Amino acid sequence: MPHRYWCAECSFKTPWLDGPGGLGRLAEHYALRHPATAPGGHIETRRGARAVRTTPQGVRAMNHSPHRPRPAAATGAGAMGIAAGAAVTAFAVVLLLLLTDGNGFGLFGLPVLALGAGLLRNGVRVLAGRTQAGDRLSRLALIPASVSGLAIGGMLAGADWDRDGTFAQLAGFVTTFLLSVVLITLCGRPETKHYLGEY
């Protein structure tokens, strides 16, 4: 009976094969495309005209299986990643709009847009239970944490406290720093890592 193996990390699938050859091809795919990840996904079995999706022995279940409840820490990390990604993307659009006024500062919107897209994508992937999404999300959250931490230090060292916007800027940087630390902490929780298969 022919089988087709699907990758849990991307859209790769083996051709329809008889016997265990598909499992070997899936292992080769993981060695080339996802070297730090254990092979996973699901198997499709063709019976007559219809295909049946199952999880075989030797291939671990996909992490977003409906039989596996998502822990609160993983839900919080995914939701915070999506919210942070949306906020960062909106800020990037504002920066890019500065280009229309001839302000070269607007070019900073391009890397900020990439950061926002990465936070959004990996937030969604954490909620879906995709392997390595939590690790990627926590690494992306290090960027705003580092930038806001440096900004806080710079402001405390030499800010002009008589200006009206100084305290609002400091509050924004402190809020960004604290939210980034919470996001990193949620991604690093043991229940999140276990749910995402990152142990």
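Sequence-distant contacts, meaning Cα pairs under 8 Å at least 6 residues apart, place the relative contact order of the chain at 19 percent. Normalised Debye scattering of the chain at q = 0.14, 0.16 Å⁻¹ gives log10 I(q)/I(0) of -0.88, -1.02, counting only Cα atoms as equal scatterers and leaving out solvent. Rounded to the nearest 20, the size of the Cβ-charge dipole of region 105-199 about its Cα centre is 500 debye, with Lys and Arg at +1 and Asp and Glu at -1.
Residues whose amide H lies under 5 Å from that of Tyr5, counting only those 5 or more places away or on a different chain, are Thr14, Glu44; hydrogens are built 1.01 Å from N in the peptide plane. Of the residues Thr14, Thr166, Thr45, the one that moves most in a GNM of the chain with alpha-carbon contacts below 10 Å is Thr166. Estimated from helices alone, the mean residue ellipticity of the chain at 222 nm is -19500 deg cm²/dmol (sum of -39500 (n - 2.57) over DSSP H runs with n ≥ 4, per residue).
In plain terms, the chain from Ala90 to Ser11 could stretch by 25.5 nm, reckoned as 0.36 nm per residue minus the Cα-Cα distance. For the set Ile152, Ile82, the ranking by accessible area, highest first and with no ligand, DNA or RNA atoms included, is Ile82, Ile152 under a 1.4 Å probe.
The values are calculated or read from the model by the stated rules, or taken from the named source; none is laboratory data. Small disclaimer: the values here were computed from a predicted structure and weren't measured. Virtual Cβ from ideal backbone geometry, glycine too; neighbours counted across all protein chains shown. Surface accessibility is based on the protein's heavy atoms, side chains included, excluding ligands, DNA and RNA. Shrake-Rupley method; radii C 1.70, N 1.55, O 1.52, S 1.80 Å.
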